[in-house]
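The values are calculated or read from the model by the stated rules, or taken from the named source; none is laboratory data. On a predicted model such as this, the values are computed, not experimentally measured, just so you know. Cβ placement follows ideal geometry from the backbone for every residue including glycine, while neighbour counts extend to all protein chains displayed. Just the protein is used for accessible areas: all its heavy atoms, side chains included, with ligands, DNA and RNA removed. Shrake-Rupley method; radii C 1.70, N 1.55, O 1.52, S 1.80 Å.
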Amino acid sequence: MITESDRLLIARVRANDQTAWAELDKRYRGRLTAYVRRRLKDHASVEDVVQETFIGFSNSLVNYDDKRDLQTWLFTIAAHKVTDQLRKMGRSRFQSGTDSEDEAMSRADDRQRGASTLARSSEQREREEVALGQALRDLVRDFQTKGEWPKVMALELLYVKGWGNADVAARLKRTEQDIANLKFQVKKRLHDHLVAAKLSPAVFPELQAE
């Protein structure tokens, strides 16, 4: 059963209250990180999996029943993301976890298969890439208009040069949490842009909806 505190938090998140997103992150990131870390030997991937969990939650809000326990919902999404990461690493089982957790992860994995087997024609792929490129241009232009040059620099380091969060944070003299929050915001805006363009974000793994 969801707590009243979590219910109010979800209401604020749905109202796009940025402080609510920060509170959600603070409340659950530690627990999710510990959960994911226990299941992945590749600890370098833990941060990305946790971040994808929050993005998955954001994408699933439209279907979220606020009578359902929030922590259970987040951990179900995390299980799905762990499954996906292990598949990328070529493994068929988790490193650890209880039978009930494995069962939950398996159910999440079943939901994922449809998106992972999408086939795209070259014409459709071009439409998707054009839409994503336009979304990125609009996003960078928005940051430039607002004079948010550190964000523009962070995007270049993250997505053009391929730097990790820690390296970008050190270069720009920001915290790793600042960079993680920026990635979350950027991916959500790109996801929303593709949805508005009537394209499926599922074809881009980084923007995959639940």
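By accessible area of protein heavy atoms, probe 1.4 Å, what ranking do Asp84, Asp65 get, highest first? Present the calculation step by step, with values, prior to reporting the outcome.
Numbers: Asp84 30, Asp65 80 Å².
The residues order as Asp65, Asp84, largest area first.
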Amide H neighbours of Ile2 at under 5 Å, excluding residues fewer than 5 places away on the same chain, with H built from the backbone geometry, are Asp69
Non-local residues with an amide H under 5 Å from the amide H of Trp163, with H modelled 1.01 Å from N and Pro and chain starts lacking one, are Leu158
One finds, for Thr145 and Arg27 with R0 = 25 angstrom and r their Cβ-Cβ distance, a FRET efficiency to the nearest 0.05 of 0.15
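How much length is gained on full extension from Ala44 to Glu4, taking 0.36 nm per residue of separation minus their Cα-Cα distance?
Working: separation 40, 0.36 × 40 = 14.40 nm, distance 3.49 nm.
Going from the current span to full extension adds 10.9 nm.
Assuming R0 = 30 Å, can you tell me the calculated FRET efficiency for the pair Ala166 and Lys198, based on Cβ-Cβ distance, to the nearest 0.05? Numbers along the way, then the final one.
Working: r = 37 Å, r/R0 = 1.24.
The calculated FRET efficiency here is 0.20.
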The simple spin-label model distance between Met89 and Ala15, using points 7 Å out along Cα→Cβ, in nm, is 4.1
